[in-house]
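Trainee: Got a structure here, written out as structure tokens. Questions coming.
The values are calculated or read from the model by the stated rules, or taken from the named source; none is laboratory data. Everything numeric here is computed off the predicted structure, so don't read it as measured data. Cβ placement follows ideal geometry from the backbone for every residue including glycine, while neighbour counts extend to all protein chains displayed. Just the protein is used for accessible areas: all its heavy atoms, side chains included, with ligands, DNA and RNA removed. Shrake-Rupley method; radii C 1.70, N 1.55, O 1.52, S 1.80 Å.
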Amino acid sequence: ALLSRYESDSAVQKMVDDHEFWIIPILNPDGYLAFDRRNANRIDLNRNFSWAYEDTRQSGDHPFSEPETLALSDLSMTRAFHHNLSVHSGAVNLGWVWNHQEAVSPDEEWFRVVSEKYLANTSAPDFWITNGAQWYMVNGEATDWLYGSLGGHDYTLEVSVDKAPPAQMIPDLVEQHLESTLGFYDQTGFRGRVTSTAGESIEASITILDKGR
């Protein structure tokens, strides 16, 4: 859609011109081949991230012990992934952080607004939205890590109650979520780069005092 609509859709053209889009088709190739949420080492990759990591049999010996999660971590250190959608199956909802605790994040209101917009634009039957921990709690998960460690806003999209929907369902699933996904990435907000007087990038903590300007 980003490619085919670029010439005819000004909103898509602006998104593509103003941002970098990174698409990871699959993070767990071992699990994809084996139809298993774990990789070949029998580790659940979505329990192997460092934020609120919990040492269990399926979470790995330590955070980022697996090549897949380490690769994602390394990539995330080279780019500011600030608005992300992680696609799963097993339910039909959109969730946001936190996932490891019931106490809400400082951006709870914003997450809910974005998710309500997604809900309004999707045609998926019985679709709903939730704070992740209010659905169920989990430790060492990817979206909590990206938000807690790097400040990125990461959402979990569940597109099918079937864990492995048949291939012939994919066109319908795409149609149900395409417009809401494009709308998800078409968000207003602040962006920029913090530099020293010499023009070199520096780490900084930014507080927006007047969100109306």
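Trainee: From largest accessible area down, sort GLU20, GLU179, GLU68, GLU7; use a 1.4 Å probe on the protein chains.
Mentor: Numbers: GLU20 120, GLU179 90, GLU68 25, GLU7 155 Å².
So, going from the largest accessible area down, we get GLU7, GLU20, GLU179, GLU68.
Trainee: Here is a follow-up. Using label points projected 7 Å from each Cα along Cα→Cβ, tell me how many nm separate ILE23 and ALA198, to one decimal.
Mentor: 4.1
Trainee: Tally up the carbon and sulfur contribution to the accessible surface of region 1-94 as a whole percent, 1.4 Å probe, everything protein left in place. Could the numbers behind the result be given before it?
Mentor: Values: 3310 of 6000 Å².
The nonpolar share, carbon plus sulfur, comes to 55 percent.
Trainee: Here is a follow-up. At 1.4 Å probe size, with every protein chain present, just tell me what the per residue accessible area of region 89-170 comes to in Å². Before the final figure, lay out the partial values.
Mentor: On the way: 3750 Å² over 82 residues.
So region 89-170 comes to 46 Å² accessible per residue, rounded to a whole number.
Trainee: I've got another one for you. Run the numbers on region 29-85 and let me know its relative contact order in percent, using alpha-carbon pairs under 8 Å that are six or more apart.
Mentor: Details: 52 pairs, mean separation 12.3, N = 57.
Once normalised by length, the contact order is 22 percent.
Trainee: In deg cm²/dmol, rounded to 500, what helix-only [θ] at 222 nm does the chain give when every DSSP H run of at least 4 residues adds -39500 (n - 2.57) and the total is split over its residues?
Mentor: Numbers: 7 runs with 68 residues, N = 213.
Only helices count here, giving -9500 deg cm²/dmol.
Trainee: What's the ranking of 164-174, 141-151 by average number of surrounding C-beta atoms within 10 Å, highest first?
Mentor: Numbers: 164-174: 11.3, 141-151: 21.1.
For the peptides 164-174, 141-151, the packing ranking is 141-151, 164-174.
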